[in-house]
Structure formats: C-alpha cells, structure tokens
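Each remark here refers to the structure printed beneath this line.
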Amino acid sequence: MTRSPLALAALATVAVPGLDAYDVRRPLHPGSDFDVAVVVDSVRQRWVVRAPQHPGAGAALEAEVVLLDALGPFVDDGRLPFAIPRPAGFAHLPEGGRASVHREVPGRPLQLETLRPGPGLAAAVGRAVAAVHELPTSIVENAGLPVYDAAGYRERRQAEVDEAARTGLVPPSLLRRWEEMLEDVAMWRFRPTVVHGDLSSSHLLVADGAVSGILDWGSTLVADPADDLSWLLVAAPQDAVDAILESYLMRRSELTDPHLADRALLAGELALARWLLHGVRAQRQDVVDDAVQMLRDLEEHTRVDEAAAAY
C-alpha cells in the first residue's frame, strides 16, 4: 500500500508531539522501499517522514535508526563534518513496524558535473567520504548490519560475477576481465572499513561549497572502502577525481592500499552486472535491456582503452 502525502503528514504529527503540519509534498528522490514526504510545519521548519512499504524495509529502518543514534556523537564532535538524519519521533503503523520522522537535512543534491580540481567542493567530498571510513567498525556490528573481511567480500563479488555469467548476457571479454581482477590476490588485500554502501548524488548534499549532509544509511556495512569511491571515479569530471582522491587519502589514517582505485573502478563495472541481475530476478525486461546495452557500451570502452594501452 502506498501512503498519500496527507497520510504521511498525519503520521508525522503523531510521531512528533506539537508538530503542526502546514504543508506537505513529495521529495524529489522518494526511493522505492519507503513512502516519503516532506512536511512543513507552522513555523516553516521542514520534516521528513519515512514509512516502510514492506517488512524488509521496516527491518532496515530499525537497523538504520540504531546506527544513526550511534553516529550522532561523531557529528556533534566534528569527526563527521556534515549533518545526518536525526530521528525525532516514531509512529506505529497498523500493519506493524513504524514510521520515522526527522528534521530535513539542509543542502541540495551534489551535481557531479560542477566539481572542479583544487581545494574546493571536490576536496570536501573526498574528506567527507574519508570521515565515514574512519568510523569504528563496531558501530555497524552493534546495529546488526553486515560485516565482511577482505576475503569474504572478494567471494561475494565472485558470486555476483558467476551469477551474471549464468544469464549468458554479459560479453565474454568483460567476464574475463572481471575474473582476472578477482583472481589477483594482491588487489584484495585491504582493511575493511565502515562503508555507506549507497552513496550517490541524491544522498550527498552540499551547501556553500561544502558537504552539508549525507542521507540514507540503511545500506551501511563493513566492507571495501573502494565501493563508496566508485561512483565518484566513474562519473565525476576526470580533472576533479585527483582532488577527491588526494583529499580522501590525506584524511585517512594508516592507509596502505595501492589498489583502491582499481577496485573502485571494478565496483563501478560490477554495478552494471547487479543491475542486470535485478532485472532478471524482477522479470523486468526493460531493466534487462538497459543493463545489456550498458554492458555492451562498457565492453566497447574497455576494448578501446586496452588497444590504446598496447601502443
């Protein structure tokens, strides 16, 4: 059941006593597992209400709430240099589970094409991601979220490639490329860190040339830090990538990971395999077709790069 904005506003008034709802609207990026609305109260403060659409989302919300509570002190003392959602109240749902309400985190979604080299926003993005990776891994474990060692995470990636190969829809040259990288044991010697797990332009907010907030912590895990850098290395302007990585590495402590960028680029490629698998499992031919076309484009791109490197 999809809840209307008015129904979500009613939940917000139950969750936060004294909240006088004046207006309500859908967010720009509502997501697929939650019904979400932005409620404006009588003094123009903005609140976000999230209600899970199914039991799995409800369980993820409960784990996220525990994690956000543990992250609060790191925001307060500046070790996380940005805001996070801070649940202010909850409303029980008739079908079970609860909706969560928090003040809207300020900022606008990051536009990667605006990043420039140098000490500005690109460097701030690198520092923000590094701050997440410096968190103690115990806070993820205590929230009941997944924890992997390096070997276990490599096996997880291998299982994804094997499943994608069984569809018969991945170009053979890409499968060979992925297998070679997964078999390179040296690439997979890394220290697992806290990983946000779902960083994207819509989840990283910016204001006044700085990172103002990071949203949607429900996919957080202890795993490969390269995963959080993948979308930046793949999609950010190339001349800004150096600034992101330099500021990231300067913020990290005891980092000796010469293959970090290699794994980040691989993670970006394997995201296409996961998109294909999502389409196959959901029996969504439109998603399958989209993934197949992107995999073909990637195969062409890597073939051109490899040919250029041979000369």
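The values are calculated or read from the model by the stated rules, or taken from the named source; none is laboratory data. Fair warning: this is a prediction, and the values are worked out from it, not measured in the lab. Don't worry about glycine lacking a Cβ; one is built from the backbone with ideal geometry, like all the others, and counts go over all protein chains shown. The accessibility values were calculated without ligands, DNA or RNA, using every heavy atom of the protein model including side chains. Shrake-Rupley method; radii C 1.70, N 1.55, O 1.52, S 1.80 Å.
Solvent exposure of the chain, expressed per residue, is 49 Å² of accessible area, with all protein chains present and a 1.4 angstrom probe.
Look at the alpha carbon pairs under 8 Å that are at least 6 residues apart: their mean separation over the length of the chain gives a relative contact order of 18 percent. Of the residues Gly120, Pro106, Gln158, the one whose Cα sits farthest toward the positive end of the charge dipole of the range 92-226, with +1 on the Cβ of Lys and Arg and -1 on the Cβ of Asp and Glu, is Gly120.
Sorting Ser42, Ser32 by solvent-accessible area of protein heavy atoms yields Ser32, Ser42, largest first, with a 1.4 Å probe. With each label modelled as a point 7 angstrom along the Cα→C-beta vector, the Asp69-Arg44 pair spans 3.5 nm.
Just check the range 101-209 against the gyration tensor rule for me: Cα atoms, a ≥ b ≥ c as the square roots of the eigenvalues, rounded for a/c under 1.5, and otherwise prolate or oblate depending on whether a/b exceeds b/c. Prolate is the answer for the range 101-209, as a/c is 1.5 or above and a/b outweighs b/c.
For the range 293-301, the Karplus equation 6.51 cos²θ - 1.76 cosθ + 1.60, evaluated at θ = phi - 60°, returns couplings of 5, 5, 5, 5, 5, 5, 4, 5, 5 Hz by residue, with Gly and Pro reported as x.
For the chain, the Kirkwood radius over C-alpha pairs fed into Stokes-Einstein at 25 °C and 0.890 mPa s yields D = 117 µm² per second.
Overall form of the range 118-181: oblate. Here a/c, set by the Cα gyration tensor axes a ≥ b ≥ c, is 1.5 or more, and a/b is not larger than b/c. With distances taken between every two different alpha-carbon atoms, the range 155-250 has a Kirkwood hydrodynamic radius of 15.8 Å. Both radii come from the Cα set of the range 12-170: Rg as radius of gyration, Rh as Kirkwood radius; their ratio Rg/Rh reads 1.02.
One compactness figure for the range 170-216 is 1.80, namely its Cα radius of gyration divided by 2.2 N^0.38 Å. The three principal axes of the C-alpha atoms in the range 220-311 carry coordinate ranges of 45, 41, 20 Å, sorted with the longest axis first. As a calculated quantity, the FRET efficiency between His259 and Ala88 at R0 = 51 Å, using C-beta atoms, amounts to about 0.75. Report, by chain and number, residues whose modeled amide H sits under 5 Å from the one on Glu104, excluding near sequence neighbours (fewer than 5 apart, same chain). Answer set, sorted by chain and number: Arg46, Trp47, Val48.
Explain nothing, just the number: relative contact order of the range 64-219, from Cα pairs under 8 Å at least 6 residues apart, as a whole percent. Normalised by residue count, the contact order of the range 64-219 is 33 percent.
Looking only at the range 32-63, which residues have a backbone nitrogen under 16 Å from a spot 7 Å from the Cα of Asp290 in the C-beta direction? 32-33, by backbone N distance to the label point. Binning the alpha carbon pair distances of the range 51-112 at 5 angstrom intervals from zero yields the distribution 4, 16, 21, 22, 17, 12, 6, 2, 0, expressed in whole percent.
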